[in-house]
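Mind looking over this structure? Questions follow.
The values are calculated or read from the model by the stated rules, or taken from the named source; none is laboratory data. This structure is a prediction, so every number in the text was calculated from the model and none was measured. All Cβ positions, even for glycine, are placed from backbone atoms using ideal geometry, and neighbour counts span all protein chains on display.
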Amino acid sequence: MTDEDLKQAVKDAISGIAPEAGFDALDPDDGLREQLDLDSMDFLNVVIALHEALGVDIPEVDYPRLFTMNGAVAYLKARLAA
Amino acid sequence: MTTRENKPRLTRDHLLALLRRMLLIRHFEEKCAELYSAQKIHGFLHLYIGEEAVAVGCMEALGPDDAVVATYREHGQALARGIAPGPIMAEMYGKREGCSGGRGGSMHIFDAAARFYGGNAIVGGGLPLAVGLALADRMQGRNRVTACFFGEGAAAEGEFHESLNLAALWRLPVLFVCENNLYAMGSALALTEAQTDIHIKAASYNMNSRVVDGMDVIAVEAAAREAVAGLRAGDGPAFLECRTYRFRAHSMFDAQLYRDKAEVENWREKGPVVRFEKWLRDTGHLHDADLAKIEAEIEAEIEAAVAFAEAGSWEPVEELTRDVYAGSAGR
Amino acid sequence: MSATKHMTYREAVREAIRDALGRDPRVFLMGEDVGHYGGCFAVSMGLLDEFGPERIRDTPLSESGFVGAGIGAAMGGMRPIVEIMTVNFSLLALDQIVNNAATLRHMSGGQFGVPLVIRMSTGGGKQVAAQHSHSLEGWYAHIPGIKVLAPATLEDARGMLWSALEDPDPVLIFEHVLLYNMEGDLAEDAGPVDIDRAAIRRAGKDISLITYGGSLLKTLAAADVLAGQGIEAEVIDLRTLRPLDEATIIESVRRTRRAVIVDEGWRSGSLSAEISARIMEGAFYELDAPVARVCSAEVPLPYPRHLEQAALPQPADIVAAAKALVGGDG
Amino acid sequence: MPQLGADMAAGTLTEWLKHPGDTVRRGDIVAVVETEKGAIEVEVYDDGVIDRLMVEPGTRVPVGTVLATLRGDGEAPEAPKESPEAAPPKPVVPPPRRTMPRPTAEGERARISPAAARLAAEKGVDIHRLAGTGPHGAIRIADIEAAIAAPTPVAAEAESPAAAMRRAIAAAMGRSKREIPHYYLSTTIDMGRALAWLAAANEKRPVTERMLYGVLLIKAVAKALADFPELNGFWQDGRFQPAEAVHIGWAISLRGGGLVAPALHDAGRQDFDSLMASLRDLVKRARAFRLRSSEIGGPTITVTSLGEQGVESVFGVIYPPQVALVGFGRIVERPWVVDGKVAPRPLIQASLAADHRASDGHRGGLFLATLDRLLQEPDSL
């Protein structure tokens, strides 16, 4: 999957939780949760959505690595490659 | 003075008692005038000064079981009937120790024990009551008399004619006493009555009716005794027109524009007390010492009555509705 | 069901008078034409022969005189029943009723009471024109010191008199002229009834129709019409106009939340105005619509039938007033 | 100036008939006074000698004013007597029973029946957006009952759900601050053991059943309430009415503003998995405005947790007619004394806002202490 595919997957996971989330003004290196006002429940649902979409298991301890868009893409790319 | 044969038992004690009662009324009324000026007595105040002989004379003919219905000028009748001056004065003050509980005031003196069915302030309003009281006595087989006092002004009211007719029609034991003091409030009699001889009106209802000199206590007593004897014998009602004169205004707020001072002075010499005192002195029944003693006793009695009224209490507002209906606090 | 007798309202009143005369020697009837003539509404027909002229006393045309005499006789220990031919003539005796009967107990500091009953006819509808058609019971209900009753049924016509006679204070009984000929069945053993409570003649949940005396039948008729349109109206017969049975009125209005008051008096300053004020004071937060009133038109009652009927409250007026309050689909 | 008649308030002295030094007898006429009814002679009621004339002829004075002073024969002139005994007390007429004032609705006055107005106030229904079907278009009970049944206001098409929600929150919060006497308590709780237990539990669970610490907080609150019934129920009709069970309203803030607190029914008896599942579902639907009205009603107490981006402590506004609200701040790592030694621990500020009509500070404090103790033994939850 290309970086673009992974970014889209993250966007899809988030919009399932926060339909009105606007990605165009999103700063990829800044906190997703702050910019999109996602609380811990939202974030858990995003993780679950990614797990279901990509079949990748994300332990709690890795959550911080998903806090930004670029971070998430990099993390997922690594997990899928492994 | 009349010296007719049916004059009452003229013992000295009886004569002095008559004088004493008239003097009590005179001084009581003068004290009331003073207290009214000092704002101790309020509202309306109608004084009996000058008409004392009528009340004193008539009451002599009544027994304790007889009933009295009077008008708003009833202090003299109440005192003559034997109601104590203290409760009457307290009633003038509006104190609850008054003979009507302080609720009636000067115009509404009531006393069940003396069968004194009030001062009635509606001119002529008392006449039908007297007829009813007599009707009740007659229907319950009680040989009692009801005396009804009113002024000549009442003769112009419909109730006067209705009551006299009912009493005569049903032959009821009512003694109608008309105190004709020549002025119905501010109007001289001649200005208000086509027929100024009130007793003639009464006679037309087919009842015993006569006129008497209201300034002569002996004459009034004799006439009253004669009339009451007829009532007790079942002759039906009797009417007594007493020609008298009130020395003071109709009520406390009256500039007496309707009569001149000379007329008042003229009647003052012919007043009941002056004449009776003179007659008692001339006939040797009254000596200065007697008069001084009577005056002193009355003075003390009046002061005691005022003290009784001053010491009286106000009815608490919480009892405002008591007696509107029997028993309950009223609703 | 105990045995009943078919009779008119007039006969029920006569029965009440006869019963009272029999029970208590202090009772006597006094009024114009009550004796030889048998009463202008034939209520006291036959009583003179049965009880004699002492206890069935015709009087001259002297309302103030004989009402005052009645008051005096009551104070003297009798239990008089004074009949004033109609409320219209009672105006001549207002002074005696207001200044003596209603006042003496209180003004004498409780020394003298007036255990008197005054009966009089009232109301219009018989084309006898303005001076004979007044409905002024509301005036008398204004006066503290007396009680005012309005018997609208045979039971009350038969039962109220004795309770009124037993009352130590003056009681006025108003008999509506249209009721005298009303017929019905009365229990053989019908006797005295209470005189201080209203009665719910028909239960209902949507609206309270409050009335008395001659207007009760019209109000019950209106309730029937409303029932046909799905509106369950409660009909309250006041029975006593003073004291007003406020508890029954308020309890009902709290439940139904709407009220129409039917009163043959003129609207301004009428008894219906007093009842409306008491509802506003006692059930304001329960009201779901303003209180309505159906009264006579404010006009001297006219002689011609069509005008008289137009002036008097009618069932149609009551139905319209009720529907306006219930509104919409009811 | 003597009282000469019932309706006389004052009089004008026109003439003195006696002068200082003149001897007078009781009943003598000493002056003439002009009243509305004409000239009236004034008599004296005592014997004596005129001392001083206090009022000039031609002056008008109220009744009771001293006109002249009198001294006994031969006495020296002395000061005037004090005024007559005070008039009888004015009878206190009981004030007419004041009828209750009608509650004035905010803004322009809607035409509404009294019964409907009271019901609207009780149920917190905003009457301004209702169309009346009563007489003259007035709002009546039927209209209020309809508004209560269907929360989406009938006539509010123009208003967005968010605006309607904002209006409802405003009404509830306004009423809370007007009627509920809040008291506030807070304490710091060491979440170390609880979070460790949670992390261990989550490792054994698939991601879809992973839990958040909020569930622990809910369980702890529910369990603690068992011993503090006075915090779990409603204040209605002037008295506290305890609830039979504990339904915790979990406050969910919505993106773009607004707040809703759907109820987690019988939270005390649900196990963690069912609690987490229903919590996750409620949050998802709330955030998407797809909550059913039945889920909104019913909480017996509300818990609000600000989560990670929040601040350290929150003191909430109770949601009427409830009587308490538990608040949790952000978990923060701070030095904390454990077994006598200072160590970094994840701490959370737990606060209680409670209705002082239903409970007192002492009991509120014990509740928070119980909450702390339960969170130290996550296994027991």
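For B:GLU74, all conditions in the list (1) over 22 Å from B:ALA113 (Cα atoms); (2) surrounded by 20 or more Cβ atoms within 10 Å (Cβ to Cβ) hold save one; what is the number of the exception?
(1)
Continuing with this model, one more query. Looking at the stretch C:76-98, which of the residues that are closer than 23 Å to C:PHE41 by Cα and of a type in the set (S, T, N, Q) is nearest to the other protein chains (Cβ to nearest Cβ)?
Among them, the one singled out is C:SER90.
Could you tell me whether the stretch B:244-264 includes any residue that is crowded, with 18+ Cβ neighbours inside 10 Å and closer than 14 Å to B:CYS58 by Cβ?
Checked against the condition, which is being crowded, with 18+ Cβ neighbours inside 10 Å and closer than 14 Å to B:CYS58 by Cβ, the stretch B:244-264 yields at least one hit.
For the stretch D:264-381, list the strands (runs of 3 or more DSSP E) that sit wholly inside it and hold at least 1 residues that are in contact with a Lys or Arg (Cβ under 8 Å, 6 or more places away or on another chain) and touching a residue at least 40 places away in the same chain (Cβ under 8 Å); which are they? It would help to see each step written out before you state the result.
Values: elements: D:301-305, D:324-328, D:332-338, D:341-355.
Filter on the stretch D:264-381 gives D:332-338, D:341-355.
For every residue, the table says whether it meets (1) within 11 Å of chain A (Cβ to nearest Cβ); (2) modelled with pLDDT of 90 or more; (3) within 30 Å of A:GLY22 (Cα to Cα).
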| residue | (1), (2), (3) |
| --- | --- |
| D:ILE189 | no, yes, no |
| D:ALA201 | yes, no, no |
| D:LEU212 | yes, no, yes |
| D:ALA224 | no, yes, no |
| D:ALA245 | no, no, no |
| D:TRP250 | yes, no, yes |
| D:LEU254 | yes, no, yes |
| D:GLY258 | no, no, yes |
| D:ALA261 | no, no, yes |
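Another question, if that's okay. Note down all Cβ pairs under 7 Å where the first residue falls in the stretch D:164-187 and is on the phi < 0 side of the Ramachandran plot, the second is surrounded by 15 or more Cβ atoms within 10 Å (Cβ to Cβ) and of a type in the set (S, T, N, Q), and they're at least six residues apart or on different chains.
Hits for this filter: D:TYR184/D:SER351; D:LEU185/D:SER351; D:SER186/D:SER313; D:SER186/D:GLN349; D:SER186/D:SER351.
Which of the residues spanning the stretch C:246-305 are modelled with pLDDT under 95 and of a type in the set (Val, Ile, Thr)?
Result: C:VAL299, single match.
Here's another thing I want to ask about it. Restricting to the stretch C:234-267, what's the tally of residues that are within 19 Å of C:ILE207 (Cβ to Cβ), in contact (Cβ under 8 Å) with a residue 12 or more places away in the chain and not basic (Lys, Arg)?
Count: 18.
Checking the condition more than 14 Å from chain B (Cβ to nearest Cβ), at pLDDT 90 or above and assigned to a strand (DSSP E or B), which residue from D:VAL49, D:VAL30 passes?
Working: D:VAL30 fails: more than 14 Å from chain B (Cβ to nearest Cβ).
Of the residues listed, the single one that is more than 14 Å from chain B (Cβ to nearest Cβ), at pLDDT 90 or above and assigned to a strand (DSSP E or B) is D:VAL49.
Here is a list of conditions, (1) at the interface with chain C (Cβ under 9 Å from one of its Cβ atoms); (2) touching a residue at least 40 places away in the same chain (Cβ under 8 Å), and B:ALA155 meets all of them except one; can you say which number that is?
(1)
Which ones in the stretch C:170-194 are over 17 Å from C:ALA20 (Cα atoms) and surrounded by fewer than 24 Cβ atoms within 10 Å (Cβ to Cβ)? Can you show your working first?
Quick first cut of the stretch C:170-194, residues over 17 Å from C:ALA20 (Cα atoms) only: C:174-187.
Correct list: C:VAL177, C:LEU178, C:TYR180, C:ASN181, C:MET182, C:GLU183, C:GLY184, C:ASP185, C:LEU186, C:ALA187.
Consider only pairs whose beta carbons are under 6 Å apart and that are at least six residues apart or on different chains; among these, list those whose first residue lies in the stretch C:100-126 and is over 17 Å from C:PHE89 (Cα atoms) and whose second residue is hydroxyl-bearing (Ser, Thr, Tyr) and surrounded by 24 or more Cβ atoms within 10 Å (Cβ to Cβ).
Close Cβ pairs (under 6 Å, with a partner that is hydroxyl-bearing (Ser, Thr, Tyr) and surrounded by 24 or more Cβ atoms within 10 Å (Cβ to Cβ)) amount to C:SER108/B:SER100; C:GLY109/B:SER100.
Let me ask another. On the basis of being of a type in the set (Asp, Glu) and either buried (at least 16 other Cβ atoms within 10 Å of the Cβ) or part of a loop (DSSP other than H, G, I, E, B) (or both), does C:GLU281 make the cut?
Values: of a type in the set (Asp, Glu): yes; either buried (at least 16 other Cβ atoms within 10 Å of the Cβ) or part of a loop (DSSP other than H, G, I, E, B) (or both): no.
No, not satisfied.
Moving on. Testing C:SER276 on (1) of a type in the set (Ser, Thr, Tyr); (2) away from chain D (no Cβ under 14 Å); (3) crowded, with 19+ Cβ neighbours inside 10 Å, one condition comes back false. Which one is that?
Single failed check for C:SER276: (2).
Moving on to the next point. Restricting the search to the stretch B:114-152, which residues are more than 9 Å from every other protein chain (Cβ to nearest Cβ) and not charged (D, E, K, R)?
B:ALA114, B:PHE116, B:GLY119, B:VAL123, B:GLY141, B:ASN143, B:VAL145, B:ALA147, B:CYS148, B:PHE149, B:PHE150, B:GLY151 - these are the residues of the stretch B:114-152 that are more than 9 Å from every other protein chain (Cβ to nearest Cβ) and not charged (D, E, K, R).
Right, something else. Identify, from the list C:PRO302, C:PRO290, C:PRO313, the residue that is of a type outside the set (Lys, Arg) and within 21 Å of the chain's Cα centre (by Cα). Before you say what the answer is, go through the steps one by one.
Working: C:PRO302 fails: within 21 Å of the chain's Cα centre (by Cα); C:PRO290 fails: within 21 Å of the chain's Cα centre (by Cα).
Going through C:PRO302, C:PRO290, C:PRO313 in turn, just one is of a type outside the set (Lys, Arg) and within 21 Å of the chain's Cα centre (by Cα): C:PRO313.
Which residues, counting only those in the stretch B:232-249, are out of contact with any Asp or Glu (no Cβ under 7 Å at 6 or more places or on another chain), on the phi < 0 side of the Ramachandran plot, touching a residue at least 12 places away in the same chain (Cβ under 8 Å) and away from chain D (no Cβ under 11 Å)?
Once the filter is applied, which keeps residues that are out of contact with any Asp or Glu (no Cβ under 7 Å at 6 or more places or on another chain), on the phi < 0 side of the Ramachandran plot, touching a residue at least 12 places away in the same chain (Cβ under 8 Å) and away from chain D (no Cβ under 11 Å), the stretch B:232-249 yields B:ARG232, B:ASP235, B:PRO237, B:ALA238, B:PHE239, B:LEU240, B:GLU241, B:TYR245, B:PHE247.
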